[in-house]
Amino acid sequence: MKLTIEKLDQLTAQDEIDLAKIWPQQQPADWQRWMNEQRMIFAARFNARLLGAVKVSVVETQAELSDLCVREVTRRRGVGLYLLEDLQAQLPAITALSMQAESNDPVLAAFMQACGFTLHNGNWHKLQA
């Protein structure tokens, strides 16, 4: 089965189990509240399971990303890169992406740079061509 990127509109019981593995510090009510506030969650699905996800908040032509995470057992296989690339394809009106840099994690920094982001004033930024 192929890896697909989906904008989650309704969370199934399995989605909640999978998101709890991606974001163990959060609760299903947090995700539902996020989606109810007209914000989005995009997730990478493989064999009916969510492997990674990111929260997206859009204002006009700018998207702010938060809580980008791929399950540890699945990392370094291209899931995160595909998630970000496909998210951008699904939101063609977006001209700029940003994400707060919450730590000095060199692995995250290398990943963000590989995805075309640059670090400015504590935030990762990427302009769409």
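The values are calculated or read from the model by the stated rules, or taken from the named source; none is laboratory data. These numbers were taken from a predicted model, which means no experiment stands behind them. So basically every Cβ, Gly included, is an ideal-geometry build from the backbone, and we count neighbours across all protein chains shown. To get the accessible areas, we keep the full protein, side chains included, count just its heavy atoms, and leave off ligands, DNA and RNA. Shrake-Rupley method; radii C 1.70, N 1.55, O 1.52, S 1.80 Å.
Cβ-Cβ contacts under 7 Å between residues 6 or more apart (or on different chains), taken from a first residue in segment 1-28 that is open to solvent by 70 Å² or more (accessible area, probe 1.4 Å) to a second residue that is polar (S, T, N, Q) and assigned to a loop (DSSP other than H, G, I, E, B), are listed as M1/N47.
In segment 32-42, the residue that is surrounded by the most Cβ atoms within 10 Å (Cβ to Cβ) out of those that are closer than 18 Å to L83 by Cα and not aliphatic (A, V, I, L, M) is F42. Only one of the listed residues (R49, R45) is open to solvent by less than 80 Å² (accessible area, probe 1.4 Å) and either at pLDDT 90 or above or hydrophobic (A, V, I, L, M, F, W, C) (or both). That residue is R45.
Residue by residue through segment 72-94, note down the ones that are over 25 Å from P24 (Cβ atoms) and loosely packed, with under 13 Cβ neighbours inside 10 Å. Steps first, please.
Restricting attention to segment 72-94, the residues satisfying the condition of being over 25 Å from P24 (Cβ atoms) are 85, 88-94.
Answer for segment 72-94, where residues must be over 25 Å from P24 (Cβ atoms) and loosely packed, with under 13 Cβ neighbours inside 10 Å: A89, P92, A93.
In segment 54-83, the residues that are closer than 26 Å to N36 by Cα form no Cβ pair under 7 Å with any partner that is of a type in the set (D, E) and open to solvent by less than 40 Å² (accessible area, probe 1.4 Å), whether six or more places apart or across chains. The set of residues in segment 52-81 being of a type in the set (V, I, T), modelled with pLDDT under 90 and in contact with a helix residue (DSSP H, G or I) (Cβ under 8 Å, 6 or more places away or on another chain) consists of V70 alone. Within segment 77-101, the only residue that satisfies the criterion of being more than 13 Å from the chain's Cα centre (by Cα) and closer than 16 Å to I22 by Cβ is R77.
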